[in-house]
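To start, the structure itself, in structure tokens.
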Amino acid sequence: MHSTNLLLEEPIRMVSILEPSKPNFFPAMTKIVGTLGPKSRSVEAISACLKAGMSVARFDFSWGDAAYHQETLENLKLAIKATKKLCAVMLDTVGPELQVVNKSEVTISLEENESVVLTPHKGQEASSKLLPINFSGLAKALKPGDTIFVGQYLFTGSETTSVWLEVSEVQGDDVVCVIKNSATLAGSLFTLHCSQIHIDLPTLSDEDKDVMKKWGAPNKIDFLSLSYTRHAEDVRQAREYLSKLGDLSQTLIFAKIENVEGLNHFDEILEEADGIILSRGNLGIDLPPEKVFLFQKSALHKCNMAGKPAVVTRVVDSMTDNLRPTRAEATDVANAVLDGSDAILLGAETLRGLYPVETISTVGRICAEAEKVFNQDLYFKRTVKYVGEPMTHLESIASSAVRAAIKVKASVIICFTSSGRAARLIAKYRPTMPVLSVVIPRLKTNQLKWSFTGAFEARQSLIVRGLFPMLADPRHPAESTSTTNESVLKVALDHGKASGVIKSHDRVVVCQKVGDSSVVKIIELDD
């Protein structure tokens, strides 16, 4: 594992830390995934979230039905039109998630050293003595001494809202536990996590498949967040199922690593998946506390070198109820950026939190500050060394574009692409300036009708650090004459100027295809 040295080794005036940050058109290079729910599903609330910096909207199907999420999605579409800000859609599967069933939503008080029984749900009411669960095979997986955690949106770290149980005995299908800390469980959804225990349930359940078919396919979702990914085979099975749903053949699969089983198979999962989500809520329970940072740094390094987006979760839990993050959380967000994450995923903070917009805005500001001291030079050299020689043609072009942009202090890199791959490769080298990805739509046919592709590719770059897409006019093909290339470039430059990213006399690096050749050129703008 390599360390990332900050650009803070030279002495700096401490007073300069207090100087206000200059506002940028792009709030941060690091992207923010926001989970939409009760506190963030109106058109007004979503519009405010988009303006604050949310670029991917996550729909969590562990609660709420398809009709509820559809209504939220329709509001998202209206908000996108109103704000003119592009936003991608992520469907988060439930997976083999164990839950306590509390239909009456009664508040449950659990006292330290008392006993509580976990039993398969057969219509019983939840109480301080009995917790009905949604899985009948739990007793077969556990033995005395095993550890179980129960909490709303799982173990927050607050010992008053989540509980730690120790198995004392197994009686048939029932599991008798000793309560290790006093806690109050409130709400309808409590997640149950068995530390380092294999649960014999499929990663992609029949319910998940149903949601993907009836909700995901009609809505052409951009990302599938595959909860509780434990093996590369889980990703392969999900991809095989997606390929059967015509409209989802382009959907990218992000493997959510949530337990030690996924950690043990991380390398093979990374090879198979399109991206990784480090779900630190569950994983933080499965791992000893002193090992969490080590997994984060190692996993992010592997994702960076593979050029695959990495998303970190559970960074500002306290902002669910508070307007400011704790000092530790603010530092945690910055460290996630410095470690190499592409995006920060907000769950309960935006779904049911009191301050969804302020949370997005705060996280964005912290990310922007951390990006200023990200040691790009060291990162670039490390990545080039990792890739080795001979480089592929595309990799060589991408690294050359970034090197040139840094040498000439370009304000932006403009990349023409049809698949999005070239732009993602440029972003892999973490340039210090934004990459405008001009996605050129491609015309395709299924023998019955013609259609343009490109919208998927544009939206899917919204989870990659430093990548900002714009969809070009489909009348301009990706590989074309110099005349049409120049006209598309003018549109891209005008867009950059209008948005304040490009100014007079700025230098811009352009990466494009001319005929069969890939070209990197530097242009200097006039007045």
Cα-projected label distance for Val519 with Lys407, points at 7 Å along beta-carbon direction, nm:
1.9 nm
Subtracting the Cα-Cα distance from 0.36 nm times the residue separation, let me have the gained length for Lys220 to Tyr68 in nm, one decimal.
53.0 nm
Calc'd 3J(HN,Hα), the stretch 117-134, phi into Karplus 6.51 cos²θ - 1.76 cosθ + 1.60 (θ = phi - 60°), Hz, glycine/Pro = x, comes to 10, 9, 9, x, 5, 9, x, 5, 8, 6, 8, 5, 9, 9, 10, x, 10, 8
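What does the helix-only formula give at 222 nm for the chain: each DSSP H stretch with n ≥ 4 adding -39500 (n - 2.57), the total divided by the residues, and the result rounded to the nearest 500 deg cm²/dmol?
Working: 17 runs with 177 residues, N = 527.
Rounded to the nearest 500, the figure is -10000 deg cm²/dmol.
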Just to check I understand the Karplus step: with θ = phi - 60° and J = 6.51 cos²θ - 1.76 cosθ + 1.60, what whole-Hz values come out for the stretch 366-373, glycine and proline as x?
5, 4, 4, 5, 5, 4, 5, 10
Which FRET efficiency value, to the nearest 0.05, is calculated for Leu130 and Asn264 with the Förster distance at 30 angstrom and r the Cβ-Cβ distance?
0.30
By how many nm would the segment from Glu111 to Ser182 grow when fully extended, if each residue of separation counts as 0.36 nm and the alpha-carbon distance is taken off?
25.1 nm
Taking semi-axes √(5λ) of the Cα gyration tensor in Å as the quantity of interest, determine which of [x] 43, 24, 18; [y] 41, 33, 21; [z] 42, 25, 22 was computed from the displayed structure.
[z]
Eligible aspartates and glutamates near Lys513 by straight Cα distance, threshold 19 Å, same-chain separation 8 or greater:
Glu395, Glu457, Asp473, Glu479, Glu486
Read phi for every residue in the stretch 218-234 and hand back ³J(HN,Hα) as whole Hz from Karplus 6.51 cos²θ - 1.76 cosθ + 1.60, θ = phi - 60°, with x for Gly and Pro.
x, 8, 6, 4, 7, 10, 10, 8, 8, 5, 6, 5, 10, 9, 4, 4, 4
Separation between the Ser249 and Lys122 pseudo-spin-labels, each 7 Å from Cα along Cα→Cβ, expressed in nm?
4.8 nm
For the stretch 188-262 and the stretch 67-92, what is the centre-to-centre distance using only Cα atoms, to the nearest Å?
21 Å
Once both labels are modelled 7 Å past Cα along the beta-carbon direction, what's the Leu201-Thr331 spacing in nm?
3.6 nm
Cross-link reach list, lysines versus Lys302, counting only Cα pairs under 29 Å and skipping chain neighbours closer than eight places
Lys31, Lys256, Lys291, Lys372, Lys381, Lys385, Lys407, Lys409, Lys428
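Coordinate-derived values only; no laboratory data. Keep in mind the model is a prediction, meaning the values are calculated, not measured. Neighbour counts run over all protein chains shown; Cβ positions are idealised from the backbone, glycine included.
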